[in-house]
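The values are calculated or read from the model by the stated rules, or taken from the named source; none is laboratory data. What you are looking at is a predicted structure, and each value in this text was computed from that prediction instead of being measured. For neighbour counting, all protein chains shown are included, and Cβ atoms are generated from backbone atoms with ideal geometry for every residue, glycine included.
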DNA sequence: CAGCGGATCGCCT
DNA sequence: GGCGATCCGCTGC
């Protein structure tokens, strides 16, 4: 089992957020975003990598948080095997999912249930930096990328 | 070490 | 038909 401390996230704000996959309404791909809070939304990016979101809004309100990066705190050996390298194990959205073994098999599941992955509170960050979201050209005024230690 | 481009595919235009 | 909520290897300084 691999455990990471999440150090980087991005928020996506639902129908009002032009940068969200759900901005244009429900599609087969983004359907999990319209589920209950705690629903897992996985999508493939650039044809190669998986990215993992946790839905935070109520049913029908497609808000979610993208897990963008973290540091491995348990299961380093497994993470290294999955990543095929010993550094940069989870410092990016695709790397994070690969290190954790998250694929589209988890799409539309929920966190903290058997057969999916779990989230639990960690140490309160002492400082949180906010910046525009990475790779996003829309809604740049929304500082919804959060980095912390 | 920074910069560039290839890989690769589902979804929207 | 084109482009992304990306990563990695290779190039050239």
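Here are the numbers for the structure shown:
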quantity	calculated
Condition broken by residue A:130, with the remaining ones in (1) buried (at least 17 other Cβ atoms within 10 Å of the Cβ); (2) modelled with pLDDT under 95; (3) within 15 Å of residue A:9 (Cβ to Cβ) satisfied	(1)
Strands (runs of 3 or more DSSP E) wholly inside region A:1-85 containing at least 1 residues that are in contact with a helix residue (DSSP H, G or I) (Cβ under 6 Å, 6 or more places away or on another chain), at negative phi and away from DNA strand C (no atom under 12 Å from the Cβ)	A:63-74
Qualifying residue in region A:103-119 (condition: at pLDDT below 95, under 13 Å from residue A:8 (Cβ atoms) and either more than 16 Å from DNA strand B (Cβ to nearest atom) or loosely packed, with under 15 Cβ neighbours inside 10 Å (or both))	no
